[in-house]
Amino acid sequence: MTTILVVEDSPESLELVAGYLENQGFTCLRARSAAEMRDALLRQAPALIVLDVNLPDADGIELARSLRLADTCRLIFLTSRSADDDVIAGLDAGGDDYVTKPVNLRALLARINSVLRRTATADTVVTFDGWILDTVRRELFRPNGQMLELTSGEFNILAAMAAQRPQAVSRDFLLDVISNRDPRSVSSHTVDTLIARLRRKMRSDTEEAPIITVRGVGYALTPG
């Protein structure tokens, strides 16, 4: 069975989420604080963590960043914090998804299955226009072989576009990749901000970034 670690400080919410996931066939570990989460990770490596942001002894986003959780497992933030800046911070800290409370259990299950499915089916190495994207090591290399540092949020957006190339992808598609598409938690501005940051980083002295805007549709990677 797939093991999921649920980190939630409210005992009622913790049991609600973990119990539901167990009924759906997952094995669930439980933690009510950052300290309990660390102890659980020492005992077993989960495939995915559902992590509350507002913990009694830590900020979940800072915790994920400091422990580099995205290097070892998939990560979904579950939080009442819904501003665009919070969503981007969560993605940058390694989150594969960002779900807002109050939680819809069926929607959360769909998000978990989507993240696990993308992980299982992703190509190991994707190339486009001379660029090399390693989806396992989560690394991007320029055509000259130089590695380009990306935040997790930027990487997730780029990987989603690479998986759909050469077709254009809509903002709604990219929102579906990085969030539960709850209008209270994210907006198209979240995607536009990440795209703008990618373009700045991927631009060189002689070449523009290989990301084009398709009017009336969304964004696409140049073919190659």
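Annotations
- In the set ASP92, ASP84, only one residue is touching a His at 6+ places or on another chain (Cβ under 9 Å) and not basic (Lys, Arg); that residue is ASP84.
- Test: residue in the range 161-169 that is touching a helix residue (DSSP H, G or I) at 6+ places or on another chain (Cβ under 6 Å), modelled with pLDDT of 80 or more and outside any loop (DSSP other than H, G, I, E, B): yes
- Any hit, the range 97-104, residues being farther than 25 Å from THR151 by Cβ and in contact with a Cys (Cβ under 8 Å, 6 or more places away or on another chain): no
- Of the listed requirements (1) modelled with pLDDT of 85 or more; (2) within 19 Å of GLY90 (Cα to Cα); (3) assigned to a helix (DSSP H, G or I), LEU150 misses just one: (3).
- For the range 213-224, a tally of residues being farther than 15 Å from TRP131 by Cα and more than 22 Å from the chain's Cα centre (by Cα) returns 5.
- Just one of the listed residues (GLY95, GLY60) is modelled with pLDDT of 90 or more and over 13 Å from the mean Cα position of the chain (by Cα), and it is GLY60.
- Of residues in the range 131-179 being among the basic types (Lys, Arg) and farther than 19 Å from ALA70 by Cβ, the one least open to solvent (accessible area, probe 1.4 Å): ARG142
- Pairs linking a residue in the range 74-88 that is over 17 Å from VAL50 (Cα atoms) and in contact (Cβ under 8 Å) with a residue 24 or more places away in the chain to a residue that is open to solvent by 40 Å² or more (accessible area, probe 1.4 Å) and of a type outside the set (A, V, I, L, M), with Cβ atoms under 6 Å and 6 or more positions apart or on different chains, are ASP84/HIS189.
The values are calculated or read from the model by the stated rules, or taken from the named source; none is laboratory data. Remember, it's a predicted structure, so these values are computed and weren't measured experimentally. Positions of Cβ are backbone-derived with ideal geometry, glycine not excepted, and every protein chain shown enters the neighbour counts. Heads up: the accessible areas ignore ligands, DNA and RNA and are worked out on the full protein's heavy atoms, side chains in. Shrake-Rupley method; radii C 1.70, N 1.55, O 1.52, S 1.80 Å.
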